[in-house]
Amino acid sequence: MGGPWQPPITCTLLVLLLALPVLQVRATHPDCSIVLYFHEQEAECLEMIRRESQMPAHPGQRGCLTEWDGVSCWSAVPVGQSRAVACPNILHVFKKTEALIWRNCTESGWSFPSPPYYNACELEAIGSNNDTEAKKGYFVTMKVLYTCGYSTSLAALLLAIGIFSCFRKLHCTRNSIHIHFFTSFILRGASVFIKDAILFSDESIDHCTMSTVNCKAAITFFQYSVLANFYWLLVEGMYLQTLLLLTFTSDKRYICWYILIGWGVPMLTVCVWVVTRLQYDNHGCWDDYTNLYWWIIKAPILLAIFVNFLIFLNVTRMLAQKIWSPDISKNYKHQYMRLTKSTLLLIPLFGVHYVVFALFPEHIGVDVRLYFELVFGSYQGFLVALLYCFLNGEVQAEIRRNWGKWQSSMESNVFNLATQDFTA
C-alpha cells in the first residue's frame, strides 16, 4: 500500500505530448504549460521532502512522510490521520470540479487515493489506445498539410520576388513594399522548418524541458518572423490607405518609414523580450506563454491586428464614397472597383479572423485554431503571391510583353541562321 503509485494521468499526458510536433507553429502551446506545471509542482514537493529530511526526527513519532505521487504532493501526517488535495488546476485537462482526493496514513504507509484521480477530476482527454492512435494520425496529417502549405508558399513567394526584381517596369514603391511583405512570409515559413529541425528532430528529447542556445535562438527567430509578418501586413494596409488619400499618387518618402515599421518595430520588440527572458525567466526553450513576459510579444501583435482592422474599415468606407461619388470619372471608378475587389479578397490577410481568436484563452477552440493557423496560415503566403503578383494585370502584361520580345528574338535568330545556311 505504501509503494509508489502511477496514476492514469500518464495516458492523458501521452495524448497531449503527441500534439507537440504540430502545435509548434504557434511557438507556444498549452501542452508545454501542462508538462511544466507538473515539473514545477514536483520540484516544490521534492524541495519540501529535502527540508524535512534535514530536520531531526522525533523519537517514537510515526507517520507518513511527504510524497510526490506523479500528480499531487502529499505532505506528512501522523499515523491514523488523513490528507486531502484538490484536482490539479489545469482547466484544459481537467473539468472544473470541487471534488477532493483523500489518502489515509496507515501503519503500512499511504493508502491509495480515494476516489481515484480519473474519477474525481474528470479528465477532459480520453486515454484509450484507439483514441491515442487516432489523435496521433490526426496530428501527423495536420503536419503534412502545413508542411506542403509552407513549401508551396515559399516556392510561390520566391518566384514572385524574382518577377518583381527582374522586370524594370515593375520597380516602384508599391512593388517594393510587396517584396518586403513576401520576404516576411518567407522568413516565417523558414522559421517553422528551422524550429522543426531543432526542437523536434530527436523524439527522445523532451521539448518542453529543453533549454539550449539553439532552441532559444530558433524560438527567437520564429517570434521575430511572426512579428515582422504582422507588421508588414500592417504596412500593406497603411499603404493602401495612403493610395486612396493621395488619389493613387505614391510618395517615395514614406518607404523609409514603412521599412522602419515593418522590420524595426519587430526587432525592437524581440530585443526587449530576449533581454527580459534572460534577466527574469531564462528557463526552458522560451516557448511557454503562461507568464506575463509573453505579452511583450502578444501585445504588439494584437495592436497591429487592431490597427489593421480599423484601416480596413476606413478603406472600405473611403472606397464606397469614391465609387458612388458623381464627381469621379469612369476611369477612376473602374480603378476603385478593382481596388474594392482586391480589398475584399484580402480580408483574411488583414488578420481580421485573428481578432476573434485573440479575445479567447489559448486553450479554447484548439481544433479551429489548428485549421486556421496551420492549414490556412501555411497557404497564406501562396495566396499573397497569387493576389499581388500572379493575378496582377500589370505583371501579366509585362510578362506577355517580354515573352513576345523573346519569341521575336528567337524567331529572328532562327531566320538569320537559316539564311546563313542557305547562302552558304
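The values are calculated or read from the model by the stated rules, or taken from the named source; none is laboratory data. What you are looking at is a predicted structure, and each value in this text was computed from that prediction instead of being measured. A quick note on method: Cβ atoms are made from the backbone with ideal geometry, for glycine too, and the neighbour counts reach across all protein chains shown.
Does PHE221 qualify as being surrounded by 16 or more Cβ atoms within 10 Å (Cβ to Cβ), within 20 Å of the chain's Cα centre (by Cα), free of Cβ contacts under 8 Å to residues at least 40 places away in the same chain and under 21 Å from ALA190 (Cα atoms)? Against the criterion (surrounded by 16 or more Cβ atoms within 10 Å (Cβ to Cβ), within 20 Å of the chain's Cα centre (by Cα), free of Cβ contacts under 8 Å to residues at least 40 places away in the same chain and under 21 Å from ALA190 (Cα atoms)), PHE221 qualifies. Of the residues that make up the stretch 278-289, is at least one in contact with a Pro (Cβ under 7 Å, 6 or more places away or on another chain) and part of a helix (DSSP H, G or I)? No, that holds for no residue. Checking the stated criteria, PHE182 turns out to be modelled with pLDDT of 90 or more, touching a helix residue (DSSP H, G or I) at 6+ places or on another chain (Cβ under 7 Å) and at negative phi.
Only one entry in VAL85, VAL35, VAL79, VAL71 is at pLDDT 80 or above, of a type in the set (A, V, I, L, M) and touching a Cys at 6+ places or on another chain (Cβ under 6 Å), namely VAL79. Restricting attention to the stretch 66-81, the residues that are under 18 Å from GLN54 (Cβ atoms) and polar (S, T, N, Q) total 2. Residues being at pLDDT 80 or above, assigned by TED's automatic domain parsing to the domain that holds PHE222, in a helix (DSSP H, G or I) and over 16 Å from the mean Cα position of the chain (by Cα) are entirely absent from the stretch 324-334.
Inside the stretch 120-153, residues that are surrounded by fewer than 17 Cβ atoms within 10 Å (Cβ to Cβ), modelled with pLDDT under 60 and in a helix (DSSP H, G or I) make up a count of 3.
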